[in-house]
Amino acid sequence: MSMALINCPECGTKVDPFAPSCPQCGAPINSLHEPENDDRRRAEIDETRKKLRWHSLGSILLVLIGGLVLLAETNIAQEEQKGFLRLALSAIGIACFLGGITWSYITRIRKKLLEQPDH
């Protein structure tokens, strides 16, 4: 398997694209793989992971709140009370429950995307 070579931006010599610098003139070739950029990228990924953990907890909390509100609405329904309160609780409960589930799925997708290597 042969690797495609690139031209050095300074002198035009054919160079390995993963070489840190041109062997002919010393110009930097692969600045994307410099340690400082890799460290910065890792720090950004770690920070995003922390945020996504909080998003996961928030989505679980939202689903639980929605479930509790729906449970409260069910208790009101059993007491044969009707009207605006029951309707409002149903709407709030369903919105929280479905919003939490949606948030959870979006967070899972973002976690999977974060784990994929850069191409």
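Ile6 to Ile109: extension gain in nm, 0.36 nm per residue of separation minus the Cα-Cα distance?
In short, 33.6 nm is gained.
Points 7 angstrom from Cα along the Cβ direction at Ile60 and Arg40: gap in nanometres?
Going by the 7 Å Cα→Cβ label model, 3.5 nm.
With a 1.4 Å probe and all protein chains kept in place, how much accessible area does Glu47 have, in Å² rounded to the nearest 10?
Here the residue's solvent-accessible area equals roughly 90 Å².
The values are calculated or read from the model by the stated rules, or taken from the named source; none is laboratory data. It should be emphasised that the depicted structure is a prediction, and the values quoted were computed from it without experimental measurement. Note that we place each Cβ from the backbone using ideal geometry, even for glycine, and neighbour counts take in every protein chain shown. Each accessible area value is taken on the protein alone, full model and side chains, heavy atoms only, with ligands, DNA and RNA left out. Shrake-Rupley method; radii C 1.70, N 1.55, O 1.52, S 1.80 Å.
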